[in-house]
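The block underneath contains the structure these notes are about, expressed in structure tokens.
The values are calculated or read from the model by the stated rules, or taken from the named source; none is laboratory data. From a predicted model like this one, the values you see are computed outputs, not experimental measurements. Note that we place each Cβ from the backbone using ideal geometry, even for glycine, and neighbour counts take in every protein chain shown.
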Amino acid sequence: MWASYPTPRAAANRLPAAYRPGAPRHPHPPTVSDGFASGSPARPVPPARGPAYNARHTKRPRGGLASRPPARGAPTAPANPAALVDPLIGSANGGNTYPGAVLPYGMISWSPTSTTGDQTNTGAANGYSYDATRIRGLSLTHVNGAGCHPGAAGDIPIMPFAGDVTSSPSADTKDEVYASDFSHANERAVPGRYTLGLDSGVQSDLAVSRRAGVADFTFPAGKPASLLFRVSNSLNGSEDAHVEIDRAARKVTGWVHTGAFCGRRANGGENNRKSYYKLHFSASFDRDFATTGTWRDGTLSPGSTSGGGGEGYATGADRAGRGSGGWVGFDTGRDRSVHMRMGISYVSQAGAEANLRGEIAPRASVDEVAAAGQRAWNRELGSVTASGGTPARRTAFYTALYHSLLQPNLVSDTDGRYPGMDGRVHRVVRGQRAQYSNFSGWDQYRAHVQLLALLKPDVAGDFAQSLYNFARQNGGVWDRWVHINGPTHVMTGDPSAATLATFYAMGVRNFDARGAFESLARQATVPHPDGLSDAGCPGQCEGQRPNLEQYLESRYAPQDACHCWGGAAETLEDAVADSALAHWARLLGRDADADRFAARAGYWRNVYDPEATDGAGYVRARNLDGSWVSPFDPGSDRGFAQGTSATYTWMVPQDVQGLAAAMGGRGKAATRLDGFFHNPDGSWAIGGGDPLRYDPTNEPGIHTPWLYNALGQPWKAQETVRQIADTAYGTGPRGLPGNDDLGTMSAWYVFASLGMYPQEPGTAAMLLGAPSFPRVHLERPGNRDITVSAPDAGDTRPYIDAVRVNGAETDRSWDGGGLVLRGGRLDYRLSDRPNKEWATDPGSLPR
């Protein structure tokens, strides 16, 4: 989503220097919590070394995976999968990942905010660009892979500064004074821990639990030592902020009132320049403060202990120079390392302090918190054991799994309280373990939610309940892009329907499924006043089922009366959502609802023009009077959202056979699909940039390689998926093809490596492809495990020769849902050449 940046220069992949972080200041902590189970003994361990560091030891071409035949014999599964993760993958090339310290589904994600010489521009949507080697702080919150520039969060940057504070940091609009260069040779990123050496001589070592963290800041000898709290400086700006310094208690506390996701984007941005959450923080230190002070805008107040003020949500010069913060200085003459403990909360300062007390023991060191974090990551990542494969492929795979498990994100405190979408404080409902947020629905419903349901059904259920809670607090409206407790309206369609229907179909039951269905069915059938609003259009249209009354009458979204971001795209998205609701209704025994929504799932036909482009046939936008929007160009995005007709024409996963018939039959459809992935000369065209061909950087077409299964040519799906996985993905900072979009693109890679992909939203069916590893075992709580065995898997064997499901040979290139719902075993025989007979019987093709 929002893939709109020029491709940066390739960055060298370098091994970080092996400098030692400062020794722990508290050698005898009693316990430390990893945020998943409290009270476990703390065992200090050194930072992990291995592929997580070594993935960058040589320069690799973008996306390249080392080619080497798989080792023979019994492949071994990784005992420490967290050590295979490289959080820097995707931090360049517009991937918008962040490298900082975070736990699975964590509230706190402590990561650097970079600068390109403008305090309102970080060089990347998520606050960190690998190609920008100057930072202005270490921020407490992030959203993985969001594409708006800037996207969201980046709250409370804390800057260790080796110098005296003699002017307002907000007045340093070019980041010339209160920022520092750094080298990637002095940067380490592993799951749960981030360490950075600045050219100023300061070293920062950070580790986190789910809602709290600890840090050691080691300052150079002979220089002043200060920490700047830029409380107002969230990525998008802020409405207000406050900082309070308590000398006696050695504490710095405060908050920022912010939000405005995508609020600086041209189309719709003005509509979303609003505040919807407060982040509270509480930081305590191991020593007295030597100096204190605050600032607001250009005014510095040395000695002050209280201050505040926001920056607004403007851009460039209109915002530069505004804002507030505070600083504390330390006497480091005898001990150059300052230890800080940090808790955060979206509810209150008391909540932030309770979160810290509940998750990190009073004397816990960075090493011990990092060790607990590594254990937490190993438990989560260890649910998938991929054996064999090259080191580069394992790193790419486990990093993709890591990125997939970063979200959803906690917004509830340890006591269960969280900020509601109505602006009030709520508590999680009975049976719900946590309230989650950060829902990039338009992206996630295509791959990420299926992976979450497959591997972490309990988290998926809590997430489903969380979205339902927000909808009830929002007058029954399910927003398509939820950030913290804010409805941002970003993108198009009704992804909540597709998401919750998919969760239920895949066996997730720990949420109020009937209540959620009733609410979503009402949103899909009862017009809402917001549906007639053009506020935020395009990009952030208020209506979640825009102009629903007219849609139901026309049976498509008229381009000239839809109040949406592209009538053709809206029609396709709503048809997918309605198909998912139909499946869900059938499972609930509501056949009348199922029939009604199933009929609406076919509305895609009303925007398919069989005569478009000399009879080739394309999806295109229509006007209210039924006429086609003209002129028509299949490479144009007119009527579409972040894509062209050439891409969106394939977005009918609920009726591939119907689409093929409209194109003249499966053979003709397959030939057209060949042209979608190849240039006229037969070379691959899968890198993006051509509006008529496959774009691996954005979501509307990421399912298309698997359409070959339904067209009776599954070997083409196998070779196309492998080609994309091995060229658009890989190791190093440029190892993602574009925005990760809250784990969606990473989930695509995980599924591609497993040799399966979700057939359509609202079902548990999986399309089969060729696995990348000799053996993968999926451990699934509350369900039977899944084992995928492909002894000959490797770079030279991308084709399926035969498959057995639970011991029985199958000639189908899909599984109807039994594998997901009941577990079992897939055994593959792979080949270096396509088997054009396997899974081609017209009677056994996916629908």
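Go through the range 671-696 and report how many residues are among the hydroxyl-bearing types (Ser, Thr, Tyr), in contact with a Phe, Trp or Tyr (Cβ under 8 Å, 6 or more places away or on another chain) and outside any loop (DSSP other than H, G, I, E, B).
0
With respect to THR385, determine if the residue is surrounded by fewer than 24 Cβ atoms within 10 Å (Cβ to Cβ), assigned to a strand (DSSP E or B) and of a type in the set (Ser, Thr, Tyr).
Against the criterion (surrounded by fewer than 24 Cβ atoms within 10 Å (Cβ to Cβ), assigned to a strand (DSSP E or B) and of a type in the set (Ser, Thr, Tyr)), THR385 qualifies.
May I ask you to list the residues in the range 629-670 that are surrounded by fewer than 18 Cβ atoms within 10 Å (Cβ to Cβ) and not in a loop (DSSP other than H, G, I, E, B)?
GLN657, GLY658, ALA661, GLY667, LYS668
Look through VAL508, VAL482, VAL490, VAL477 and report the one residue that is modelled with pLDDT under 95 and either of a type outside the set (Phe, Trp, Tyr) or in a loop (DSSP other than H, G, I, E, B) (or both).
When all the criteria are applied, what remains is VAL490.
Please determine whether any residue of the range 558-573 is β-branched (Val, Ile, Thr), in the same structural domain as ALA535 (by TED's automatic domain parsing) and under 21 Å from ALA764 (Cβ atoms). Let's see the steps before the verdict.
To start, the set of residues in the range 558-573 that are β-branched (Val, Ile, Thr) comprises 571.
Keeping just the survivors that are in the same structural domain as ALA535 (by TED's automatic domain parsing) gives 571.
Checking the rest, the ones that are also under 21 Å from ALA764 (Cβ atoms) come to none.
Checked against the condition, which is being β-branched (Val, Ile, Thr), in the same structural domain as ALA535 (by TED's automatic domain parsing) and under 21 Å from ALA764 (Cβ atoms), the range 558-573 yields no hits at all.
Within the group LEU406, LEU356, which residue is assigned to a helix (DSSP H, G or I) and among the aliphatic types (A, V, I, L, M)? Explain how you work it out, then say what you get.
Details: LEU406 fails: assigned to a helix (DSSP H, G or I).
After applying the criteria, what remains is LEU356.
Does the range 610-628 hold any residues that are assigned to a loop (DSSP other than H, G, I, E, B) and polar (S, T, N, Q), and which are they?
If the condition is that a residue be assigned to a loop (DSSP other than H, G, I, E, B) and polar (S, T, N, Q), then ASN623, SER627 are the ones that fit.
Give the residues of the range 236-264 that are touching a residue at least 60 places away in the same chain (Cβ under 8 Å), in a strand (DSSP E or B) and not β-branched (Val, Ile, Thr), sorted by residue number.
SER238, ASP240, ALA241, HIS242, GLU244, GLY254, TRP255, GLY259
For the range 354-377, which positions are under 29 Å from the mean Cα position of the chain (by Cα) and either aromatic (Phe, Trp, Tyr) or surrounded by fewer than 21 Cβ atoms within 10 Å (Cβ to Cβ) (or both)?
Listed by number, the residues that qualify are ARG357, GLY358, ARG375, TRP377.
Among what's in the range 537-565 and is surrounded by fewer than 24 Cβ atoms within 10 Å (Cβ to Cβ) and small (Gly, Ala, Ser), pick the residue that is farthest from GLN642 (Cα to Cα).
SER554
I need every pair where a residue in the range 524-535 that is closer than 18 Å to ALA575 by Cβ has its Cβ under 8 Å from the Cβ of a residue that is buried (at least 16 other Cβ atoms within 10 Å of the Cβ) and small (Gly, Ala, Ser), sequence separation at least 6 or different chains.
Every condition considered, the pairs that remain are ALA524/ALA497; ALA524/ALA577; GLY531/GLY543.
Being modelled with pLDDT under 95 and of a type outside the set (Phe, Trp, Tyr) is true for just one of HIS149, HIS184, HIS142. Which residue is that? Steps first, please.
On the way: HIS184 fails: modelled with pLDDT under 95; HIS142 fails: modelled with pLDDT under 95.
Answer to the check: HIS149.
What residue, of ALA616, ALA612, ALA580, ALA592, is free of Cβ contacts under 8 Å to residues at least 12 places away in the same chain, over 20 Å from GLN550 (Cα atoms) and of a type in the set (A, V, I, L, M)? If you could, list the steps in order and put the result at the bottom.
Working: ALA616 fails: free of Cβ contacts under 8 Å to residues at least 12 places away in the same chain; ALA612 fails: free of Cβ contacts under 8 Å to residues at least 12 places away in the same chain; ALA580 fails: free of Cβ contacts under 8 Å to residues at least 12 places away in the same chain.
Testing whether each residue is free of Cβ contacts under 8 Å to residues at least 12 places away in the same chain, over 20 Å from GLN550 (Cα atoms) and of a type in the set (A, V, I, L, M) leaves just ALA592.
Among the residues that make up the range 665-686, is at least one of them of a type in the set (Ser, Thr, Tyr) and in contact (Cβ under 8 Å) with a residue 24 or more places away in the chain?
To start, the set of residues in the range 665-686 that are of a type in the set (Ser, Thr, Tyr) comprises 671, 683.
Retained after the next criterion (residues that are in contact (Cβ under 8 Å) with a residue 24 or more places away in the chain): none.
No.
How many residues are under 11 Å from the mean Cα position of the chain (by Cα), in a strand (DSSP E or B) and of a type outside the set (S, T, N, Q) if we restrict to the range 425-451?
1
Of all residues being loosely packed, with under 15 Cβ neighbours inside 10 Å and aliphatic (A, V, I, L, M) in the range 289-347, which is farthest from ASN121 (Cα to Cα)? Just the residue, please.
Checked the range 289-347; the qualifying residue farthest from ASN121 (Cα to Cα) is ALA290.
Could you count how many residues in the range 514-567 are out of contact with any Pro (no Cβ under 9 Å at 6 or more places or on another chain) and hydroxyl-bearing (Ser, Thr, Tyr)?
Total satisfying the criteria: 4.
What are the residues in the range 551-575 that are over 13 Å from ARG622 (Cα atoms), more than 24 Å from the chain's Cα centre (by Cα) and not hydrophobic (A, V, I, L, M, F, W, C), if any?
If the condition is that a residue be over 13 Å from ARG622 (Cα atoms), more than 24 Å from the chain's Cα centre (by Cα) and not hydrophobic (A, V, I, L, M, F, W, C), then GLU553, HIS563 are the ones that fit.
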